[in-house]
1. Inside region 124-141, can you point out the residues that are charged (D, E, K, R) and either crowded, with 18+ Cβ neighbours inside 10 Å or in contact with a His (Cβ under 7 Å, 6 or more places away or on another chain) (or both)?
2. Among the candidates Lys255, Lys281, which residue alone is modelled with pLDDT under 90, among the basic types (Lys, Arg), surrounded by fewer than 18 Cβ atoms within 10 Å (Cβ to Cβ) and in a loop (DSSP other than H, G, I, E, B)?
3. Condition (residue is among the hydroxyl-bearing types (Ser, Thr, Tyr), in a loop (DSSP other than H, G, I, E, B) and not assigned by TED's automatic domain parsing to the domain that holds Leu243) applied to region 125-143: is it met by at least one residue?
4. Scan region 108-123 for residues that are of a type in the set (D, E, K, R) and buried (at least 19 other Cβ atoms within 10 Å of the Cβ) and report the count.
5. Among the residues of region 58-68, how many are in contact (Cβ under 8 Å) with a residue 60 or more places away in the chain and either of a type in the set (D, E, K, R) or within 17 Å of Ile264 (Cα to Cα) (or both)?
6. Do we find a residue being modelled with pLDDT under 50 and either under 21 Å from Gly145 (Cα atoms) or charged (D, E, K, R) (or both) anywhere in region 12-20?
7. Residue check: is Arg296 in contact with a strand residue (DSSP E or B) (Cβ under 6 Å, 6 or more places away or on another chain), surrounded by fewer than 22 Cβ atoms within 10 Å (Cβ to Cβ) and within 22 Å of Ala68 (Cα to Cα)?
8. Scan (1) surrounded by 19 or more Cβ atoms within 10 Å (Cβ to Cβ); (2) more than 16 Å from the chain's Cα centre (by Cα); (3) modelled with pLDDT of 65 or more for the single condition Asp45 breaks and write down its number.
Amino acid sequence: MILRILLAVLISATPGLAQTSRPATVAEQRDYLDEGRFLFNPPADWSEAFRSPDGMAVQFNAPEGRAALQVMLVPQETVLSPTMKGRVAKFVIEGKVAGAKDRGVEVIDAPKAVKDDRFYLKIRDRIRKPDGGVEDRLHVYRVMGAYLLLGACTAFTDDEPAAALSHKVAEDVLLSATGGRKGKLPTTGPSTAAATQPAKLTLLPKAKLRIQPPPGWKQELSDGPSGQVGVWKDPGDGATLILLGVRQIPIKARKDKALREIAIQEIVSAERPTLEMAGAKLIDAPVTVPDDRFLRKIETRYDLDGEEWRVSLRQRLVGDAVLVLTSVTSSDKADAVGKLGDEMLISAQSTVR
């Protein structure tokens, strides 16, 4: 089974917030995954940003946007044995290195496994984004029977002691997890009808894709097997954009169910909706938009010279790649352009037979 949501919303925080933040602790109440099959203590004072429609993942944001934590449950065909640990670690690290290269970020501390007998695996790395913001990332894994429980915490600070406080939250949450009893619980996330497709196809031979962009938009292709493969511009203003990126699942993971699911998680969690324009100022933290057509969908608002702009990112698995489609537009056009972006990504098909 491939996880459909994996909504690891790694938000962008205003620089300097972490210096004034206080550590979060684990609350006493219990939360759940998979309709109560697994129970855990959620982080106190952190807000729930999103819960996946299938109940296998949940996102928490720290106060003031200083960190984000995703807790995910991944079914396995077989129990991951200790002898597989080195192989899984190597795969995750290679995926993080490739993801950083695709995003064009600076690697401050390369990903490496950290010895901690409390967990099956623990990996930490630090990167610097093009806007100068630092992400201090920790992934911790626990094997719980035929399931892999993942806690992915990103602290948005270059203050390592402050980041460590947020990372401890992820560790405590995972350590609090126990088995429960699956029962009937409220579902979340709206059902969404299939979108109407534009008529004209664009072929991307190297990316092995066909896709239907909005009719009449100016198209600039840079077809390749991965990375950004195309930009579409609204002919009405030239500033409204739709960008398409391709993130390939590593070849060695494609036929291994456990590694494939981990790879999808790593790829999905690496993306952010950002506005790379001079003078753009973040208005508030990104918001996750429930939409079970996609692995994840997030929107962020920016102020650009007194005008509000919206950046919407959505991800979808097509064949052996995660497609990332980002729409950038002024807020007065956001709904219309967002719908075009949704329809365009839904139209994408692999050309591999």
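1. First, the residues of region 124-141 that are charged (D, E, K, R): 124-126, 128-129, 131, 135-137.
Across region 124-141, the qualifying residues are Arg124, Asp125, Arg126, Glu135, Asp136, Arg137.
2. On the way: Lys281 fails: in a loop (DSSP other than H, G, I, E, B).
Of Lys255, Lys281, the one residue that is modelled with pLDDT under 90, among the basic types (Lys, Arg), surrounded by fewer than 18 Cβ atoms within 10 Å (Cβ to Cβ) and in a loop (DSSP other than H, G, I, E, B) is Lys255.
3. Of all residues in region 125-143, those among the hydroxyl-bearing types (Ser, Thr, Tyr) come to 141.
So of that shortlist, the ones also in a loop (DSSP other than H, G, I, E, B) come out as none.
Within region 125-143, none of the residues are among the hydroxyl-bearing types (Ser, Thr, Tyr), in a loop (DSSP other than H, G, I, E, B) and not assigned by TED's automatic domain parsing to the domain that holds Leu243.
4. The first filter runs over region 108-123 and keeps only residues of a type in the set (D, E, K, R), leaving 109, 112, 115-118, 122.
Filter once more, so that each one left must be buried (at least 19 other Cβ atoms within 10 Å of the Cβ): 122.
Residues that pass the stated criteria total 1.
5. Number of matching residues: 2.
6. Narrowing region 12-20 to residues modelled with pLDDT under 50: 12-20.
Restricting the remaining residues to those that are either under 21 Å from Gly145 (Cα atoms) or charged (D, E, K, R) (or both) gives none.
Among the residues of region 12-20, not one is modelled with pLDDT under 50 and either under 21 Å from Gly145 (Cα atoms) or charged (D, E, K, R) (or both), which makes the answer no.
7. Values: in contact with a strand residue (DSSP E or B) (Cβ under 6 Å, 6 or more places away or on another chain): yes; surrounded by fewer than 22 Cβ atoms within 10 Å (Cβ to Cβ): no; within 22 Å of Ala68 (Cα to Cα): yes.
Answer is no for this residue.
8. (1)
The values are calculated or read from the model by the stated rules, or taken from the named source; none is laboratory data. Keep in mind it's a predicted model, so treat the numbers as computed, not measured. Using ideal geometry, Cβ is built from the backbone for each residue, glycine included, and neighbour counts are taken over all protein chains shown.
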